[in-house]
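Notes follow once the structure below has been shown.
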Amino acid sequence: MNFLNDLSLSQIMTRLVGYLIVVLVHGFALAGLATLFGDRDPAHSGRLTLNPLPHVSLPGLVAAILFQPSWMRPLPIEDRALRGGRLGLVVLYVTSLAVVLAIVPILTPVRIWLSTLLTGTAAVSVLGTIDAAQRLGLWFVLLNALPLPGLTGSLLLQAAYPPVMPQVRRLELPAMLIFLVILGTGAFQSAFSPLQSSLVRLLMN
């Protein structure tokens, strides 16, 4: 499957901005929840911010533009600092991904409202960006739900066995490169497209 077919400059730009929206929402939510649960490190490291750039992963950005499923820059969280400890990690995992899912239907009335106000190139650009953010958000959640290095799902690995995290963090970059290869084959998209399509019908219509 050639994901570069029909990938126009307009699509590249809308996916780029859509990715920034998704990682901003997810990164800020995860950092905010970690801070709320007692871990101050995300705030001290500059991740508790509405600036999307600290949340950007370059391989994740490439994945979003070329393939749609993507990830943000990993956010280390100290389970021993969290209220609830390892259970707190599971709460952060579930809630931070749920926030991204919640944004998808919220953007639909915004998209409809803006469609009545904008015309021409501005309408195409803005509405295309919102649509891209919604679709990228769904793919983001599906990929990051997996308990793998470099993804939000690695919080589940940490919750299951905290001592494994040094090894998991060393594997983050190699894992991201492997993700790019797998996404390039279309295997992940083919496996999860029925679920993604169901989420589109449920949350975007």
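The values are calculated or read from the model by the stated rules, or taken from the named source; none is laboratory data. Quick caveat: nothing in here was measured; it's all calculated off a predicted structure. Every residue, glycine as well, gets a Cβ built from its backbone with ideal geometry; the counts of neighbours run over all protein chains shown. When the accessible area is computed, the model is the full protein with side chains, heavy atoms only, and any ligands, DNA or RNA have been set aside. Shrake-Rupley method; radii C 1.70, N 1.55, O 1.52, S 1.80 Å.
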Summing +1 per Lys or Arg and -1 per Asp or Glu among the other residues with Cβ less than 11 Å from F37's Cβ gives -1
Other residues with Cβ under 14 Å from the Cβ of S125 give, with Lys and Arg +1 and Asp and Glu -1, a net charge of +1
Contour minus end-to-end for I178 and E78, with contour as 0.36 nm per residue of separation and end-to-end as the Cα-Cα distance?
-> 33.4 nm
Quick one: if the Förster radius is 30 Å, what FRET efficiency do M204 and T35 give, using the C-beta to C-beta distance and rounding to 0.05?
-> 0.45
Once Lys and Arg get +1 and Asp and Glu get -1 on their Cβ, which of T95, T119, P52 lies farthest toward the positive end of the dipole of the chain?
-> T95
For Q167 and V110, FRET efficiency with R0 = 45 Å and r from the beta-carbon atoms, rounded to 0.05?
-> 0.60
Note down the net charge around V200, summing +1 for each Lys or Arg and -1 for each Asp or Glu among other residues with Cβ under 15 Å from its Cβ.
-> +2
Compute the accessible area per residue over region 62-138, keeping the other protein chains in place, probe 1.4 Å, unit Å².
-> 46
Relative contact order (%) - criterion: Cα under 8 Å, at least six apart; region: region 1-60 = 32
Determine the shape class of region 62-115: with a ≥ b ≥ c the square roots of the Cα gyration tensor eigenvalues, call it rounded for a/c under 1.5, and otherwise prolate if a/b is greater than b/c, oblate otherwise.
-> oblate
For the chain, what does -39500 (n - 2.57) per DSSP helix run (n ≥ 4), summed and divided by total residues, give at 222 nm, in deg cm²/dmol to the nearest 500?
-> -23000 deg cm²/dmol
By the gyration tensor of its Cα atoms, with a ≥ b ≥ c the square roots of the eigenvalues, what is the shape of the chain: rounded for a/c under 1.5, prolate for a/b over b/c, or oblate?
-> prolate
Which value in nm describes the separation of the simple spin-label points at L58 and V90, placed 7 Å from the Cα toward the beta carbon?
-> 3.7
